[in-house]
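Worksheet: one structure, shown below.
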Amino acid sequence: MNLINFKNGPRTAAKDSEDETLIRSSQKGDKIAFGYLVQRYMKRAYFTALGLTGDSQAALDLSQEAFVRAYRSIKSFQPGLPFFSWYYRILRNLALNFLRRKNIHARPFSEIGETKLEQMPDASDSAQKRLEKRELQEAVWQAIQELKPGEREILILREFEELSYREIAAVLQISMGTVMSRLYHARQSLKLRLQGLIDEYIE
């Protein structure tokens, strides 16, 4: 399922190797090394938190707090799981606690401001085409926010963060079969909410 260029760039072996080096240094107390990890993942963390909470200020606060907690717990990091997958567990707990505390619903796309869904417009796009694309992005974002929390989360992990089924299973502590089942139902729910809008856009 293509969520209209919502995805991050692909992970690479070189990037994973650099992460491992930075993590090892961080575990020895090197704050500068951890700072590089923060710089590398801060934007991704913010948009992930935004997807979970729908609140731009909360996303900023929670992603920063999660990095603080990650640094305090960095010695417990075990090789084999990508840094962001490990970090996500911390961020997820903070986001869920925030939502339970506030008992809020996600705000509309138009109130969030800059989001990951926004892309630099192609110079060849007409004003009408850019408007249609923006409207489609808003509709998809709103539809994602209307999903059940579990459905929204698994779409974010798979479609936005590009985690493998195995990584998602490790992060959420569920079986791979459950990952596939939840992902299938989440995609079906999203399609129902969009009600053919994407097909009209493509045509």
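Just so you know, all these numbers are worked out from the coordinates, no wet-lab data involved. In this text the structure is predicted, and so the values were computed from the model without any measurement. Virtual Cβ from ideal backbone geometry, glycine too; neighbours counted across all protein chains shown.
Placing a pseudo-label 7 Å from each Cα along the Cα-to-Cβ vector at residue 81 and residue 16 gives an inter-label distance of 1.6 nm.
Shape analysis of the stretch 20-96 places it in the prolate category; the axes a ≥ b ≥ c from the Cα gyration tensor give an a/c of at least 1.5, with a/b above b/c.
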